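The block underneath contains the structure these notes are about, expressed in structure tokens.
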Amino acid sequence: MKPYSYRIVIKTLTKFGFQVVRQRGSHIVLKGVYNGKIRTVVVPKHEEIAIGTLKGILFQAGISDEGFINLVGN
């Protein structure tokens, strides 16, 4: 796992069915249904999201690290 920009994180989350619903300041809120649950994810608008923060975002979304990494390049 490595740090990614918010653009890449949001682009990859949209591949999982999430949609941007609003932005307030430097935080972008996405909502989606994944694995049968409605989930809300907050992504900070940073050029490089720290690994711990990224893992927290993926936990909120219910996505595994491997699943995310597999879709980043596609």
Between a first residue in region 51-74 that is under 15 Å from G17 (Cα atoms) and a second residue that is surrounded by fewer than 13 Cβ atoms within 10 Å (Cβ to Cβ) and small (G, A, S), which pairs have beta carbons less than 8 Å apart while being 6 or more apart in sequence or on different chains?
-> L58/S64
List pairs: first in region 1-23 and closer than 20 Å to E48 by Cβ and in contact (Cβ under 8 Å) with a residue 40 or more places away in the chain, second surrounded by 13 or more Cβ atoms within 10 Å (Cβ to Cβ) and among the charged types (D, E, K, R), Cβ under 6 Å, 6+ apart or cross-chain?
-> M1/D65; Y6/K45
Where residues in region 31-42 are in contact (Cβ under 8 Å) with a residue 12 or more places away in the chain and aliphatic (A, V, I, L, M), which of them is surrounded by the most Cβ atoms within 10 Å (Cβ to Cβ)?
-> V41
State which residue is modelled with the lowest pLDDT when the search covers only region 51-74 and only residues that are of a type in the set (G, A, S) and surrounded by 12 or more Cβ atoms within 10 Å (Cβ to Cβ).
-> G67
Residue list for region 16-30, restricted to those being within 20 Å of I69 (Cα to Cα) and surrounded by 13 or more Cβ atoms within 10 Å (Cβ to Cβ) | F16, G17, F18, L30
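The values are calculated or read from the model by the stated rules, or taken from the named source; none is laboratory data. Bear in mind that the values here come from a model prediction, so they are computed numbers and not experimental data. Glycine gets a Cβ as well: all are built from the backbone with ideal geometry, and neighbour counts include every protein chain shown.
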